[in-house]
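Shown next, in structure tokens, is the structure this report addresses.
Every number in this text was worked out from the coordinates using simple rules, so none of it is lab data. Note that the coordinates shown come from a computational prediction; the quantities given were computed from them, not determined experimentally. Note that each Cβ is placed from the backbone with ideal geometry, even for glycine, and that neighbours are counted across all protein chains shown.
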Ligand code: HEM
């Protein structure tokens, strides 16, 4: 057992902060040369970055009892409360079991029609020649998928706009809280803190109204709100608060990840017309791909989705914290150690993927997929906190893709697209022009 090697390039006072802020993805990628578990210092805080895929998996799966989620999640607690993304231990297990049926693969196949209707409405609102700000369009689409398909909620336009505004302020608030050098800053009445608190309150108010309307409409199908109600603890005030926290959690966890995946997907199709042509050949005349939900492991669309999730993995930085001393890959870690890992960086490691920066859906073809080290591909994480929405996300993305391609061709509009690691890795400046879809045979 040894101590973790220190990452090179540490500066007095700020440690590795400058390198991380200057170019986060390059910084994360540089660390594997220093070791499988590397110590970095961000200002006064010491942290460990796990760079080897098998150790990331070990941390998430075998060692999961030795790790809690870590400090970013603590900062989300004021708004997300004890929802699935922040709950720990028994409370997490109970809540996860309760919600699982709404995300089960079989249940997800029942959402396909509603997903297609949401995508159809979006694609039908566009006009030929229009310039699309893709991030915004896909964000609206993904938010609608969670609200209307998963939660069966119908919000009016102004509430929808308010939800989007509040989600943005909440995410910014969580990031700011995590970046403060001292917790004292969290209590200062500066704009970002005030907006975080106000947006959290506004979001809770809208969700409370949504719940009230659903209850007034009487018991519905066994959907997510129904499951929440079935998990009632008997005290209406506790129930109400828990349900609100869970819904806000699903909105935050389930919107941006899916929306940027869709945005990157159209960006890559725009740059690889041959991939788009092959994808179109797979669509049935109704615009739906060959059974996206029923045969999710098959088909070229699935290969394209896998490749987008590999090259543009949304979660470039995630965390855990040790609850007791442990060793990982022969490296001793103290109790309370902050562990960082980057799924994006793992999926771009040339030791795992040949020519990792190339967009190549054929890596996932039946002939070649065997060469991909499956254990090293985990866009949805692994272990007890593995994304509960993985099947939901894959279906909504494939259904949206097929529906949109059935009507349109999205053509790059010429601007420069920059990769910006924010809470997820985003395509900034992505604007595309709408052209009608080519007819059959063309
Ligand atoms: C392409 C889309 C998505 C990606 C790449 C993604 C990725 C992830 C990852 C990597 C985690 C694990 C985080 C960790 O271990 O710290 C996670 C957790 C989670 N995701 Fe997703 N996600 C996506 C879509 C969704 C959707 C659509 C929903 C819900 C509607 C959702 C809800 C959640 C929740 C609730 C958790 C916490 C699970 C737990 O701790 O038990 N995600 N996601």
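Let me make sure I get this right: for region 1-113, a, b and c are the square roots of the gyration tensor eigenvalues over alpha carbons, sorted descending. Under 1.5 in a/c it's rounded, otherwise prolate if a/b > b/c, else oblate. Which is it?
prolate
Once R0 is set to 25 Å, what does the formula 1/(1 + (r/R0)^6) return for the Cβ-Cβ distance between residue 114 and residue 161, expressed as a FRET efficiency to the nearest 0.05?
Efficiency, rounded to the nearest 0.05: 0.70.
Restricting to Cα pairs below 8 Å that are 6+ residues apart, what does the relative contact order work out to for the chain? Please round to a whole percent.
Computed value for the chain: 25 percent relative contact order.
Taking neighbour counts of Cβ atoms within 10 Å as a proxy for exposure, in what order, fewest first, do 264, 126, 408 appear?
Lowest count first: 126, 408, 264.
Can you work out the base-10 log of I(q)/I(0) for region 349-394 at q = 0.20, 0.26, 0.28, 0.34 1/Å, using the Debye formula on its C-alpha atoms alone?
Each listed q corresponds, in turn, to -0.82, -1.04, -1.08, -1.18.
Can you tell me the FRET efficiency between residue 105 and residue 368 if r is taken as the Cβ-Cβ distance and R0 is 25 Å, rounded to the nearest 0.05? Before the final figure, lay out the partial values.
On the way: r = 25 Å, r/R0 = 1.00.
Step by step, r from the Cβ atoms, then E = 0.50.
How much length is gained on full extension from residue 198 to residue 411, taking 0.36 nm per residue of separation minus their Cα-Cα distance?
Once the chain is fully extended between residue 198 and residue 411, it gains 72.8 nm.
Ignoring everything except DSSP H segments at least 4 long, calculate the 222 nm mean residue ellipticity for the chain; use -39,500 (n - 2.57) per segment, divide by total residues, nearest 500.
Mean residue ellipticity at 222 nm (helix-derived): -15500 deg cm²/dmol.
Hey, in the GNM for the chain with a 10 angstrom Cα cutoff, which one of 415, 83, 389 fluctuates hardest?
415
Which ordering of 425, 192, 50 is given by a fewest-first count of other beta-carbon atoms within 10 Å?
If I rank by nearby Cβ atoms, fewest first, I get 192, 425, 50.
Determine Rg/Rh for region 342-442; Rg is computed over alpha-carbon atoms and Rh is the Kirkwood hydrodynamic estimate from the same atoms.
Answer for region 342-442: 1.00.
Can you compute the modelled spin-label distance between residue 239 and residue 419, with each label point 7 Å from Cα toward Cβ, in nm?
In this crude spin-label approximation the distance works out to 4.8 nm.
What shape does region 212-269 take by its C-alpha gyration tensor, where a ≥ b ≥ c are the square roots of the eigenvalues and a/c under 1.5 counts as rounded, a/b above b/c as prolate, and the rest as oblate?
In terms of gyration-tensor shape, prolate.
Determine, at each q value in 0.25, 0.32 (inverse angstroms), the log₁₀ of I(q)/I(0) that the Debye formula gives when each Cα of region 391-442 is one equal point scatterer.
The Cα Debye sum returns log10 ratios of -1.00, -1.03.
Considering every pair of different Cα atoms, what Kirkwood radius, in Å, is found for region 296-400?
The Cα-based Kirkwood calculation yields 15.4 Å.
Roughly how compact is region 46-102, stated as its Cα Rg over 2.2 N^0.38 Å to two decimals?
In units of the globular-protein estimate, region 46-102 measures up at 1.30.
What does a probe at residue 91 reach in region 51-78, counting residues whose amide N is under 19 Å from the point 7 Å along Cα→Cβ?
Within reach of a label on residue 91: 65-78.
Rounded to whole Å and sorted largest first, list the principal axis extents of the Cα atoms in the chain.
Projected onto the principal axes, the Cα atoms of the chain cover 62, 56, 39 Å.
In a GNM of the chain with a 10 Å cut-off on Cα contacts, which of 346, 250, 131 has the highest mean-square fluctuation?
For the chain, modelled as a Gaussian network with Cα springs under 10 Å, the answer is 131.
Suppose we take every Cα in region 99-174 and form the convex hull; what volume per residue is that in Å³?
Here the figure is 123 Å³ per residue.
What is the gain in length, in nm to one decimal, between residue 188 and residue 98 on full extension, counting 0.36 nm per residue of separation less the C-alpha to C-alpha distance? Let's see the in-between values first.
Values: separation 90, 0.36 × 90 = 32.40 nm, distance 3.76 nm.
That works out to 28.6 nm of additional length.
Using r as the Cβ-Cβ distance of residue 64 and residue 133, and R0 as 35 Å, what FRET efficiency do you calculate, to the nearest 0.05? Mind dumping the intermediate values first?
Working: r = 39 Å, r/R0 = 1.13.
According to the calculation, E is roughly 0.35.
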